[in-house]
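What follows is calculated from the coordinates using simple rules that are stated; it is not laboratory data. From a predicted model like this one, the values you see are computed outputs, not experimental measurements. As a convention, Cβ positions derive from the backbone with ideal geometry for all residues, glycine included, and neighbour counts pool all protein chains shown.
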């Protein structure tokens with residue numbers, strides 16, 4: 001999925017990695033758009049290597065017990081919950 | 001209901017404070033306890049946050065009344081506010097045109113007088129673009145000045161919450177309320193020269209290090225662990241630019257629309273009339289800023305938006321089949337086109353075999369842009385350009401061509417890559433359409449930008 005063409009198979013592969021179902025129509029449209037956008041991103045090839053000297057500092061705080069979000073509030077936006085837990089689909 | 005808002009409400013603040021009696025509109029990706037926060041997305045249409053963002057807590061404490069949650073491009077991904085699940089917002093300053101994006105509803109609410117002030121978020125221009133298109137003032141603060149706690153994340157390393165107002169002074173008043181360290185956002189820090197009145201003057205502190213360590217807050221003023229740092233901005237809006245040096249980068253002016261450039265030159269002329277000196281400068285790295293910005297923003301988005309699985313919040317994918325199938329259905333139903341496009345491109349840019357080619361090179365370009373701005377800002381006090389290279393698009397004009405819209409961000413995205421502060425201030429009009437002037441300054445140089453921009457609004 002670089003240089004010129006982007007195939008529908010490549011779009012489907014990335015969509016599977018990203019966990020997004022796509023219609024056939026979306027696959028074809030994205031394939032055409034991705035070719036153009038990725039073609040444009042190719043110009044990054046001419047960027048020189050640059051020293052990335054980020055001066056980062058850790059920010060620490062004491063590890064103290066605090067009141068967590070109330071369980072009912074935490075579950076309040078879940079499409080479904082059961083016995084005080086989020087209800088999710090089967091894992092496998 | 002006004003099309004600037006997704007939800008209209010009335011949240012009263014404290015009985016007094018610096019914003020008592022003022023109304024504020026809040027972008028709908030900033031969490032408000034008990035009031036829907038949709039991010040302009042179908043997946044969060046019914047989401048009601050259980051807590052306030054830090055900036056919302058500070059608005060309430062300052063006495064402001066929050067009048068609504070404003071329309072926006074879905075998850076902040078757009079330049080027109082047209083990718084919102086809740087429909088477009090018209091531009092009050094140029095009816096029939098987009099208000100800009102992604103914080104289009106916030107800018108429109110202020111332009112129409114439906115709120116005195118507003119908050120937006122700026123990942124690659126999402127405060128400055130709508131400010132320019134709607135003829136109001138918008139500030140993108142230095143990375144780390146304003147807490148992102150409670151802002152629904154799109155691209156963490158780039159975004160900041162920023163104010164809108166009809167004048168520079170009012171925008172500065174709102175910045176005063178929201179700025180300052182927050183222990184719930186470890187990327188915030190106190191400005192190295194917090195609140196002193198001389199740091200913004202001509203030539204002063206030009207060598208300000210944009211990446212100074214968090215330890216730089218040992219100035220004895222605010223405590224990093226508490227919520228306010230006694231920062232003053234509004235009193236800098238005195239229009240005194242005598243002796244200020246303004247650099248105009250050829251790269252950010254040459255490709256712009258002719259009428260936009262003419263309006264921009266006239267506005268720069270007003271600064272010169274007040275004693276500022278204007279010189280041409282060059283920023284060769286910005287040629288690669290748009291592609292670097294989109295690679296980084298999309299990569300971060302692909303990771304951030306992984307949380308929308310339809311289990312804890314958002315559109316459910318049902319319970320048929322396995323976990324992956326349910327997630328994929330939830331995300332198909334919940335996300336619009338532009339969000340899917342960016343998640344997929346970001347996933348691709350981070351995938352095996354392509355990471356160094358795209359993400360790695362984009363980080364090189366980001367470091368180059370930072371170095372370039374630091375170098376120019378050691379020669380001049382502020383950098384000026386048109387905020388947007390074009391006047392507002394007509395409603396519906398650009399949606400089918402994503403790359404065309406990405407390229408319109410050429411003048412705003414370099415600032416986010418460089419972590420610097422910028423302000424967009426009305427420069428005038430071209431054919432009846434608003435034009436914004438952008439000023440960029442050194443890290444934590446907000447006072448200098450406010451002083452210079454206050455000449456114009």
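Just a few scattered comments:
- Added length on full extension, which subtracts the Cα-Cα distance from 0.36 nm per residue, residue B:183 to residue B:431: 84.5 nm
- Computed from the Cβ-Cβ distance with R0 of 51 Å, the FRET efficiency linking residue A:27 to residue B:232 stands at 0.40.
- Relative contact order for chain B, counting Cα pairs under 8 Å that sit 6 or more residues apart, in percent: 19
- Going from the fewest other Cβ atoms within 10 Å to the most, the residues B:143, B:47 appear in the order B:47, B:143.
- For residue B:8 and residue B:272, the FRET efficiency from 1/(1 + (r/R0)^6), where r spans their Cβ atoms and R0 equals 45 Å, is about 0.55.
- Helix-only [θ]222 nm of chain A, DSSP H runs n ≥ 4, -39500 (n - 2.57) each, per residue, nearest 500: -11000 deg cm²/dmol
- Prolate/oblate/rounded call for chain B, Cα gyration tensor, a/c under 1.5 rounded: rounded
- Relative to the longest principal axis of the Cα atoms of chain A, the long axis of helix A:8-17 makes an angle of roughly 20 degrees.
- Residue exposure sequence - A:83, B:273, B:122 - by fewest surrounding Cβ within 10 Å: A:83, B:273, B:122
- Using alpha-carbon coordinates, inclination of helix B:361-376 to the longest axis of chain B, degrees: 20
- Rounded tilt (10° steps) of B:168-178 against the dominant C-alpha axis of chain B: 50
- Residue B:354 paired with residue A:17, simple spin-label distance in nm, labels 7 Å along Cα-to-beta-carbon: 0.6
- C-alpha center-to-center spacing [the stretch B:61-102, the stretch B:276-328] in angstrom: 19
- Footprinting exposure proxy for B:98, B:136 (fewest neighbouring C-beta atoms within 10 Å first): B:98, B:136
- Across peptide B:358-365, the average count of Cβ atoms from other chains found within 10 Å of a residue's Cβ is 5.
- For a label point 7 Å along the Cα-to-beta-carbon line of residue B:156, residues of the stretch A:43-66 with backbone N under 16 Å: A:56-61
- Isotropic mean projected area of the C-alpha convex hull, chain A (nm²): 12.4
- q = 0.05, 0.07 Å⁻¹: log10 I(q)/I(0) that the Debye formula gives for the protein assembly as shown, counting C-alpha atoms only: -0.18, -0.37
- FRET efficiency, 1/(1 + (r/R0)^6) with R0 25 Å, evaluated for residue B:400 and residue B:1 via beta carbons: 0.30
- Net lengthening on full extension, residue B:375/residue B:262 (0.36 nm per residue, minus Cα-Cα): 37.9 nm
- Helix-derived mean residue ellipticity, 222 nm - over chain B, DSSP H n ≥ 4, -39500 (n - 2.57), to 500: -8000 deg cm²/dmol
- Average Cα contact separation per residue, the stretch B:351-432, under 8 Å, 6 or more apart, as relative contact order %: 35
- Average other protein chain Cβ within 10 Å of Cβ, residues B:307-314: 4
- Normalising the average separation of contacting C-alpha pairs (under 8 angstrom, six or more residues apart) by the number of residues puts the relative contact order of the stretch B:393-457 at 26 percent.
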